[in-house]
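Accompanying notes for the structure given below.
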Amino acid sequence: MRPHFDNDQDEVLGKAYDGRLVRRLVPFITPYKRRLLLATVLLLLSPAFDLAGPWLTKLAIDQDIYPVHHKPNPGGLGLILVLYLLTLAGGFVLRYFQNWHIQHIGQHVMFDLRNRIFSHLQRLPLQFFDTHPVGSLITRMTNDIDALNDLLTEGLVSMIGDFATLAGVIIIMLLMNWQLALVALAVLPVVGYVSRVFQRAMRVIYRSIRVRLSRVNAFLNENITGMVTVQLFNRESTMFEQFDRLNSDYLGANLRSVFAYSVFMPIVSFLGAVSTALLIWVGGHGIISHWGPAFTLGALIAASQYTDRAFQPIRDLADTFNTLQAAMASSERLFGLLDQVQEPPDSANPVVLDKVAGKIEFRNVKFGYKPEHPVLRDVSFTIQPGESVAIVGATGAGKTSLISILSRFYDIQEGQILLDGVDIREMRRADVRKHIGAVLQDAVLFSGTITGNIRLHNTDISDADVRRAAVFVNADKFIEQLPDGYDHVVRERGANFSAGQRQLISFARAIAFDPEVLLVLDEATSSVDTETEALIQEALERLMQNRTSIIIAHRLFTIRHVDRILVLHKGRLVEEGTHEELLNRRGYYHRLYQLQYQEQEAAV
Amino acid sequence: MQNLKYLGPYLKQHASRIVAGLILMAVSTGLSVIQPRFVGDAINSLRHPSLGHLTFYVGLILAAAILQALFSFLQRSALNRVSRLIEYELRNDCFTHLQSLEQRFYQEMHTGDLMARLTNDLSAVRQFIGMGLTNMCMTFMMLVVVSVLMVTLSWKLALIAFIVLPFTTVSVVVLGRVMQRRFRLVQDQFGRISTQAQENFSGIRVIKAFAQEDREIAAFSKANSEYVRLNLSYVRLSGLMWPIMRLVVGLALALVLFVGGLQVINGSLSLGGLVQFTLYLGMLTWPMVSLGYTINQYQQGAASMGRIIEVLHRNPAIADSGRTLPLEEVTGKIEFRNVGVRYDDRWVFRNVSFTVEPGSTTAIIGMTGAGKTTLMSLVPRILEADEGQVLVDGVDVRRIPLDTLRRAVGHVPQDNFLFSATLRENVSFGVDHPSDEALWQAVEISQLGRDLEQFSNGLDTVVGERGVSLSGGQKQRTALARAIMRNPSILILDDAMSSVDTHTQAEILRGLQGVMAHRTTLITAMRISTIKNADQIVVLHDGGVAEIGSHQELLNADGLYAKMYRRELLQQELEVEEGEEVEA
């Protein structure tokens, strides 16, 4: 058995610069342009302080310690020391504040981006979430935004700061002694080339390390969660063999990175030695052979120190290309998300109903997730205030879609849906959902407390309301048995509650919001014991009392308790009436009943 | 330190590599330390204008540099692999050990916690080994050799270096610790905002249905700005690190230039010597800094190793003992003798005794929490009884080799676990050499066959992590096929068909009857109607066996079982009545 994990992140390598993307990035940075300007100035200034050291060394040697034309001057050394210390202090301050401002900008740009994307996602139609896995959305919010932060805090710093340092080194050396500058200019490109080759190799290696590590971890995770299954089926040794294969693949990738470093680091230090040797040889030659006044011991030593200082910026610049590439790929993905079309805006002059009676009317409704494939066709019916209605039909008949369009998760293509005679498209979505509450198929709980799950973030719902809601739906019995009662911690996805308990909590949530119309997706509850099942049914019954309610029924029990049943078949309303009426009619419902519900009885 | 001694055996395994690496390191250190000397000599040679001398020393520099590059390459390839190799071995050892640990361990320990130990902790240990091995040894060698050379050049300058340079180590240690603490806060907050986003996206239907979008955005924004605040508080410190390093090194250089310059002027030091000394300063910087890092990592490495050892040294509670009896084949007689199981201080049940004859079917019925799953887990020794005995074929399960015992059992658990592999691989998971014939038979009995058209690649369809691409019923039927495929003497069905619709369930039971006839079956279900044809029904209630007998016997006894059955019938009877009424 081969493990199939789909963790290979889409790291398509693309351009390092894309004008279109950069133009879209600019507005995220403009709010911080003053600070950015300041940071850039600091960034350009700091090389001046950093590069003073070798120059001061040259001055000390040529004028004070080892002057050619006059006697040594110990007094001058004191001045040099003071200057040296001043430039050190200046460099320290500049570098710290430059970094602080850049990071400050980076953090705030990331903050804006995260908020922007999160808010954008909140307004996307449900369809988007049906087709995009949550994991990839989280990756957008984390890795891709981080990549943009790298662009700002590393890419930009490297491009401006390192470039300034390099330019400074070259200019100073040319002014100091152009022959020695040429020597440095002969070595530095080699360093750049070697670094670039190395970075490119490392990029591939790092990628394979990441991919392989995530395979190891996914396999590990799966085996830990399924360990009992592995043990029960005596698969320990086969699983170990597979694990060992993944683990040694990962080791292999790591060893390749060790090798790459083992080659690269000695080469770089060798190049350092070569540049020193060449400078000494050329400089020494110049001094011995009196090539000119620029050939002094101080110049020679300073040149070697300057060349040394150019090594790190060159290595950083070699990496900048990777940073830019990653940032472009990430911003492409991020803008892809931001380009997703949001739900159409609410009507400009929305009809606001304070309280509704709860009359619902469908008029020739046509709807499809893709307009060319309608799932509901020409559906018309009216539900009176306070009436309870069940919708039945085979899988794919359009029951769930009917609930979705009534909540305005999707807008219909033809016809009208009216609430108290008002087209719901003329109302604000939030208002529609305030009046029409829904209990959804999978009872989703959020991490937090039980109270938090019942009232969500709605502070209008008091603790007392929460309790009342829980009592109303029979949830209070198990909640009060918990050590912390209503403050009991709910873990992610409500993992610490049974399916039945989760369902009761989601009923309580619906009741706490007290909508005039209630939609219930009543999933056939599996693994719920008879006791809890009875509680759920009782709660359902109470939910429907005195409230317009539409329920998608999977239980015969609920069908028996509603005022009327609507039968959907292939997107059309084919029959309606009470349970008895419909059975008597011996039409589609009768067949459906025999197929879906009577088998329960056959088992008895 | 206590924890780190467990690394001994791993290190010993690579002793020859480590020794070779250290020797290479010594040579390479020697070759790098000699270069500044040649530089100094070259500069001093300029006093006597002879190109020959100059070229000679420059040649020496290059020669030493080439040799050093070579030895440094060899040393790195020898030594830097060690930490990766040990990481690999540790990870494998952990995995093997985890396989020997029992279910209870996994119930106590969260998956996330275990994963953290095998990922973060393991990598902290690896970093410590890597740092400790290379950097500590390198630092040590450098410090000893360079210090001696420095002192011989000028003890005054050496004193400056020894006073100033250690500030790099100190600031790494001091700053590093605070940074680590702040960074942990950053990571925690990062975890919180990811979870918040994740929960929001997964629960978007609820968010929208309750019109909570704006409030969610506000809550997210709040967590987001806290994240920024923590990040900036980290940056405020971390931004100090490199400027401080540069400041300290620059200070040392400046002071050496000043004092050394005076020494050159008064003749106690050559200019070449001063340059040589400056180069040594540069050589010491990185070892000093990395010493600080290693000191910080030591604590973390030791703590991480401790957490890994906790896993590695956990004794498997369920394993073959020295007293195992060889058992060729299991016919499938099961006997519970006064069995009791407790979780912590609470007994789930006690004094449970009954016998299941080979080839018969026994159902276990009871409310949620009565201990049905617990009881069935005792047979394949997923769990062990705290008192009493469970016997298979008359032998205490603790004396049957685990491998033999489990091979005899086909287990379909309540929450079945599928692997991210193809359907075929999942069904034939428990068989060493799967035959197509057996595979198709299992697929057919479990009624999985008719679903296959739905899948693009039939049996070769990948089911996704934990079988996400399958419906609940399909998952259960795959798990069922997996158990049937093993052709076990004992079949355990633990509420195995809860998500299967009643119609299919009936067909599966019909298909199973052929299979069950030859084997012992233990079954539980939420609904009595599923299991009422069992040869024997055991009712668990209130910490023990309340009733035992066949369906009819138990109904006649008119006890708990009869009450439960009536209750279950109530709603269905009502509906039947009504249906018949209408149809009549």
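Quick notes
- Conditions (1) closer than 30 Å to B:Val228 by Cα; (2) more than 10 Å from chain B (Cβ to nearest Cβ); (3) crowded, with 21+ Cβ neighbours inside 10 Å; number of the one not met by A:Gly91: (2)
- The set of residues in the range A:232-248 being polar (S, T, N, Q) and more than 7 Å from chain B (Cβ to nearest Cβ) consists of A:Ser237, A:Thr238, A:Gln242.
- Residue match in the range B:464-471 (condition: assigned to a helix (DSSP H, G or I), more than 9 Å from chain A (Cβ to nearest Cβ) and either closer than 22 Å to B:Ile523 by Cα or out of contact with any helix residue (DSSP H, G or I) (no Cβ under 9 Å at 6 or more places or on another chain) (or both)): no
- A:Val444 vs. criteria in a helix (DSSP H, G or I), assigned by TED's automatic domain parsing to the domain that holds A:Asn364 and within 31 Å of the chain's Cα centre (by Cα): no
- Scanning the range B:40-97 for residues that are more than 30 Å from B:Arg314 (Cβ to Cβ) and either charged (D, E, K, R) or not in a helix (DSSP H, G or I) (or both) gives B:Asp41, B:Leu46, B:Arg47, B:His48, B:Pro49, B:Ser50, B:Arg76.
- For the range B:525-537, filtered to residues that are in a loop (DSSP other than H, G, I, E, B) and away from every other protein chain (no Cβ under 14 Å), the residue that is farthest from B:Gln476 (Cα to Cα) is B:Asp535.
- Selection of the range B:495-524 for residues being at the interface with another protein chain (Cβ under 10 Å from one of its Cβ atoms) and either surrounded by 21 or more Cβ atoms within 10 Å (Cβ to Cβ) or part of a helix (DSSP H, G or I) (or both) yields B:Asp495, B:Met497, B:Ser498, B:Val500, B:Thr502, B:His503, B:Thr504, B:Gln505, B:Ala506, B:Leu509.
- In summary, B:Leu540 fulfils each of the numbered conditions (1) part of a helix (DSSP H, G or I); (2) in contact (Cβ under 8 Å) with a residue 12 or more places away in the chain with the single exception of condition (1).
- Residues within the range A:66-86 that are more than 8 Å from every other protein chain (Cβ to nearest Cβ), under 23 Å from A:Ala303 (Cα atoms) and in a helix (DSSP H, G or I), tallied: 5
- For B:Ile265, the conditions (1) more than 9 Å from chain A (Cβ to nearest Cβ); (2) surrounded by fewer than 21 Cβ atoms within 10 Å (Cβ to Cβ); (3) touching a Pro at 6+ places or on another chain (Cβ under 8 Å) are fulfilled apart from (1).
- Of residues in the range A:249-285 being out of contact with any Lys or Arg (no Cβ under 7 Å at 6 or more places or on another chain) and more than 10 Å from every other protein chain (Cβ to nearest Cβ), the one farthest from B:Ile66 (Cα to Cα): A:Arg256
- Residue check, B:Thr355 of a type in the set (Ser, Thr, Tyr), more than 26 Å from the chain's Cα centre (by Cα), part of a strand (DSSP E or B) and more than 25 Å from B:Ser100 (Cα to Cα): yes
- Residue check, A:Ile65 among the β-branched types (Val, Ile, Thr) and buried (at least 20 other Cβ atoms within 10 Å of the Cβ): yes
Matching residues to (1) closer than 20 Å to B:Gly282 by Cα; (2) aliphatic (A, V, I, L, M); (3) not in a helix (DSSP H, G or I):
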{"site": "A:Ser257", "(1), (2), (3)": "no, no, no"}
{"site": "A:Tyr261", "(1), (2), (3)": "no, no, no"}
{"site": "A:Met265", "(1), (2), (3)": "yes, yes, no"}
{"site": "A:Ser275", "(1), (2), (3)": "yes, no, no"}
{"site": "A:Ile280", "(1), (2), (3)": "yes, yes, no"}
{"site": "A:Gly284", "(1), (2), (3)": "no, no, no"}
{"site": "A:Gly292", "(1), (2), (3)": "no, no, yes"}
{"site": "A:Gly298", "(1), (2), (3)": "yes, no, no"}
{"site": "A:Ala302", "(1), (2), (3)": "yes, yes, no"}
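- Among the residues examined, B:Val82 qualifies as touching a residue at least 40 places away in the same chain (Cβ under 8 Å) and within 22 Å of the chain's Cα centre (by Cα).
- The condition (being under 30 Å from B:Ala26 (Cβ atoms) and under 23 Å from the mean Cα position of the chain (by Cα)) is satisfied by just one residue among B:Ser194, B:Ser123, B:Ser154, B:Ser171: B:Ser123.
- Only listed residue being assigned to a helix (DSSP H, G or I), of a type in the set (Gly, Ala, Ser), without any contact (Cβ under 8 Å) to a residue 24 or more places away in the chain and farther than 25 Å from B:Leu269 by Cβ, chosen from B:Ala223, B:Ala211, B:Ala197, B:Ala158: B:Ala197
- Among the conditions (1) at pLDDT 80 or above; (2) within 13 Å of chain A (Cβ to nearest Cβ); (3) surrounded by fewer than 16 Cβ atoms within 10 Å (Cβ to Cβ), B:Tyr565 misses just one, which is (3).
- Cβ separations smaller than 7 Å between residues 6+ apart or across chains give the following pairs from the range A:128-157 residues that are facing chain B (nearest Cβ under 10 Å) and within 30 Å of A:Tyr410 (Cβ to Cβ) to residues that are buried (at least 21 other Cβ atoms within 10 Å of the Cβ) and among the basic types (Lys, Arg): A:Met141/A:Arg114.
- Hey, A:Leu36 touching a residue at least 40 places away in the same chain (Cβ under 8 Å) and within 10 Å of another protein chain (Cβ to nearest Cβ) or not: no
- In the range B:98-115, the residue that is farthest from B:Arg398 (Cα to Cα) out of those that are in a helix (DSSP H, G or I) and in contact (Cβ under 8 Å) with a residue 24 or more places away in the chain is B:Leu114.
- Entry remark, the range A:486-513: residues being more than 31 Å from the chain's Cα centre (by Cα) and without any contact (Cβ under 8 Å) to a residue 24 or more places away in the chain number 0 in total.
- Matching residues, the range B:406-436, being buried (at least 21 other Cβ atoms within 10 Å of the Cβ), more than 7 Å from chain A (Cβ to nearest Cβ) and closer than 21 Å to B:Asn457 by Cα: B:Leu418, B:Leu423, B:Asn426, B:Val427, B:Ser428
- Qualifying residue in the range A:53-65 (condition: assigned to a helix (DSSP H, G or I), closer than 25 Å to B:Ile244 by Cβ and more than 9 Å from chain B (Cβ to nearest Cβ)): yes
- Residues of the range B:372-405 satisfying the condition of being part of a loop (DSSP other than H, G, I, E, B), among the small types (Gly, Ala, Ser) and either facing chain A (nearest Cβ under 10 Å) or within 21 Å of A:Met227 (Cβ to Cβ) (or both): B:Ala385
The values are calculated or read from the model by the stated rules, or taken from the named source; none is laboratory data. This structure is a prediction, so every number in the text was calculated from the model and none was measured. Virtual Cβ from ideal backbone geometry, glycine too; neighbours counted across all protein chains shown.
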